[in-house]
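Q: This structure is in structure tokens; I'll ask about it shortly.
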Amino acid sequence: MPESGLKRYFDIARPHLLAHRGLNQHESGIDENSIAAFEQALKFGATHIESDVHATKDGIAVLFHDDDLERVAGLSLKISELTFAELSEIKLAHGSKVPSLKEVLEHFPSLRLNLDVKAEAGCVATAAVINEFKAFDRVLVSSFSRSRKMQTLRLLDAPVATSASSTEVLGLWITHKLFGLGFGLIAK
């Protein structure tokens, strides 16, 4: 019987070091969520990289935190209103471009990603790339929205690691407070 995506996702030497948006904070000149930021994170020992996922107008999953380019490129353009070709022409503050999930999985064949699906359109786009690469043991699918997380998980061809959404965590906390149940008992 094959191992679950969860077991394989965490089946590497400890400690697990998760780099948020890659590792651009310690060196000026590196854009967050860029190939360079991910390379930097791996260079400094990251075992997993967290990134948010949005989808372009033409349905390409891209690794990017914000829903627009204002903060990192000074442009008031929304990711969802640009095609991937249009987005690829835009340079971020330090010269990088917004990478697609497909580009990152190709560039880093053993990279483990924690993918936070940030927009409804990102569900289909994210699942399609995970299925294409059969990256079930390389990703953890999460979202602050339980609906987006569940929609993405239902579209996958095999199980993957996942995490609790904010509403699920709140439910666990309320259950703990009301009934005195420990998180370990109710979170299994």
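Q: Being under 11 Å from the mean Cα position of the chain (by Cα) and over 13 Å from T162 (Cα atoms): is that true of K134 here? Before you say what the answer is, go through the steps one by one.
A: Working: under 11 Å from the mean Cα position of the chain (by Cα): no; over 13 Å from T162 (Cα atoms): yes.
Against the criterion (under 11 Å from the mean Cα position of the chain (by Cα) and over 13 Å from T162 (Cα atoms)), K134 does not qualify.
Q: Output the number of residues of segment 59-80 satisfying the condition of being open to solvent by 30 Å² or more (accessible area, probe 1.4 Å), closer than 22 Å to V124 by Cβ and either at pLDDT below 95 or under 18 Å from the mean Cα position of the chain (by Cα) (or both).
A: Total satisfying the criteria: 6.
Q: What number of residues within segment 44-58 are open to solvent by 40 Å² or more (accessible area, probe 1.4 Å) and at pLDDT 95 or above?
A: Final tally of qualifying residues: 2.
Q: Taking the residues in segment 81-112 that are of a type in the set (K, R) and in a loop (DSSP other than H, G, I, E, B) as candidates, determine which candidate is least open to solvent (accessible area, probe 1.4 Å). Walk me through how you get there before you give the answer.
A: First pass over segment 81-112, keeping only residues of a type in the set (K, R): 91, 97, 102, 112.
Narrowing further to those that are in a loop (DSSP other than H, G, I, E, B): 91, 97.
Numbers: K91: 123, K97: 67 Å².
Looking at residues that are of a type in the set (K, R) and in a loop (DSSP other than H, G, I, E, B), I get K97.
Q: Against the condition at pLDDT 70 or above and open to solvent by 40 Å² or more (accessible area, probe 1.4 Å), how does S28 come out, does it pass? Please lay out each step first, then the result.
A: On the way: at pLDDT 70 or above: yes; open to solvent by 40 Å² or more (accessible area, probe 1.4 Å): yes.
Considered against the rule, which asks whether it is at pLDDT 70 or above and open to solvent by 40 Å² or more (accessible area, probe 1.4 Å), S28 comes out as yes.
Q: If you don't mind, there's one more thing I want to ask. Quick one: T126 ticks every box in (1) in contact with a helix residue (DSSP H, G or I) (Cβ under 6 Å, 6 or more places away or on another chain); (2) buried (at least 22 other Cβ atoms within 10 Å of the Cβ); (3) in a loop (DSSP other than H, G, I, E, B) except a single one, so which number is it?
A: (3)
Q: Something else now. Taking segment 69-119 only, how many residues are charged (D, E, K, R), touching a helix residue (DSSP H, G or I) at 6+ places or on another chain (Cβ under 6 Å) and farther than 19 Å from V139 by Cα?
A: Final tally of qualifying residues: 1.
Q: Let me ask another. Look at R8 and say whether it is out of contact with any Cys (no Cβ under 6 Å at 6 or more places or on another chain), open to solvent by less than 80 Å² (accessible area, probe 1.4 Å), at pLDDT below 90 and closer than 14 Å to P99 by Cα. Before you say what the answer is, go through the steps one by one.
A: Details: out of contact with any Cys (no Cβ under 6 Å at 6 or more places or on another chain): yes; open to solvent by less than 80 Å² (accessible area, probe 1.4 Å): yes; at pLDDT below 90: yes; closer than 14 Å to P99 by Cα: no.
So R8 does not fit the description; no.
The values are calculated or read from the model by the stated rules, or taken from the named source; none is laboratory data. Predicted model, so just to flag it, every value in this text is computed and none were measured. So basically every Cβ, Gly included, is an ideal-geometry build from the backbone, and we count neighbours across all protein chains shown. Accessible surface is based on the protein model in full, side chains and every heavy atom, while ligands, DNA and RNA are left aside. Shrake-Rupley method; radii C 1.70, N 1.55, O 1.52, S 1.80 Å.
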